[in-house]
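What follows is a short report on a single structure.
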Amino acid sequence: MCHNLFNNFKENDKYKYALHNLSNDSEEKCKLIAIMDCEVIINYGSKIEKVKIVKNNEIRWNNNVIILSDNKDHYKSTVSTDQLIVTSKTDSLKKIPYIPPENEVVFCGGWYDM
């Protein structure tokens with residue numbers, strides 16, 4: 001279940017949202033979905049990046065930060081803290097449960113004969 005930690009929390013005229021790593025079994029499984037076009041700031045812990053996202057884009061953290069846009073995953077940086085913090089000037093993101101796709105295929109690297 002997604003806790004609303006930082007969801008709709010306004011500080012210094014910015015809205016803050018927090019995510020946990022989806023690969024960590026003990027934490028909540030959530031993602032952020034854009035409810036309108038906006039610019040967000042992603043705090044990876046060791047660096048900060050400004051990203052423009054459009055309505056229905058998704059942000060999730062599964063070892064790397066992944067932004068789903070146009071049905072394609074765009075891999076971003078890794079996170080060096082226990083939470084990924086995303087901020088926006090508007091209340092433009094919604095925190096919802098992450099449900100992995102049933103047909104998700106994960107490749108472990110290397111080439112294998114099928």
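The values are calculated or read from the model by the stated rules, or taken from the named source; none is laboratory data. Note that this is a predicted model, so its numbers are computed, not measured. Quick reminder, even Gly has a Cβ in these numbers, built from the backbone with ideal geometry, and neighbours come from all protein chains shown.
Scan the range 29-47 for residues that are on the phi < 0 side of the Ramachandran plot, without any contact (Cβ under 8 Å) to a residue 60 or more places away in the chain, part of a loop (DSSP other than H, G, I, E, B) and of a type outside the set (Ser, Thr, Tyr) and the total you get is 4. Can you find, within the range 78-93, the residue that is surrounded by the fewest Cβ atoms within 10 Å (Cβ to Cβ) among those that are within 11 Å of the chain's Cα centre (by Cα) and not in a loop (DSSP other than H, G, I, E, B)? Among them, the one singled out is 85. Per the conditions (1) small (Gly, Ala, Ser); (2) surrounded by fewer than 17 Cβ atoms within 10 Å (Cβ to Cβ); (3) modelled with pLDDT of 95 or more, the sole criterion not satisfied by residue 34 is (2).
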